[in-house]
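Single-structure report; data block below.
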Amino acid sequence: MQLVALTPEKELYNGDIKSVKVPAVGGQFEILNGHAPIVAALAAGEVRILDSDDNRVVFNIEKGFVEVINNEVSLLIQSLAE
């Protein structure tokens, strides 16, 4: 599964992953291989990425959006938390 995580200023992540957990407006959820297509608004909270080598990448966001289509995940982050 591919993930790209972008802010208006820079690319935070681009690569193969096993999973990503995001803080959606309606509650936190995890995206795994084969996830159904979805577009969801993100709320303030922690994004947790598990890459293909089992390394964890964690960062906090204020808000944004996530889109999943054909095992491609796009995180469009409006702002990172301080």
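Observations on the structure shown:
- Count of residues meeting criterion [out of contact with any Asp or Glu (no Cβ under 8 Å at 6 or more places or on another chain) and surrounded by 14 or more Cβ atoms within 10 Å (Cβ to Cβ)] in segment 44-60: 5
- Within segment 1-23, being closer than 12 Å to Ile77 by Cα and surrounded by 14 or more Cβ atoms within 10 Å (Cβ to Cβ) holds for Val4, Ala5, Leu6, Thr7, Leu12, Tyr13, Val22, Pro23.
- Residues that are under 16 Å from Phe65 (Cβ atoms) and surrounded by fewer than 13 Cβ atoms within 10 Å (Cβ to Cβ), drawn from segment 29-43: Pro37, Val39, Ala41
- Counting only strands (runs of 3 or more DSSP E) wholly contained in the chain, the ones carrying 1 or more residues that are modelled with pLDDT of 95 or more and not hydrophobic (A, V, I, L, M, F, W, C) occupy 2-6, 11-24, 27-32, 45-51, 56-69, 72-80.
The values are calculated or read from the model by the stated rules, or taken from the named source; none is laboratory data. Computed from a predicted model, the values in this text were never measured in an experiment. So basically every Cβ, Gly included, is an ideal-geometry build from the backbone, and we count neighbours across all protein chains shown.
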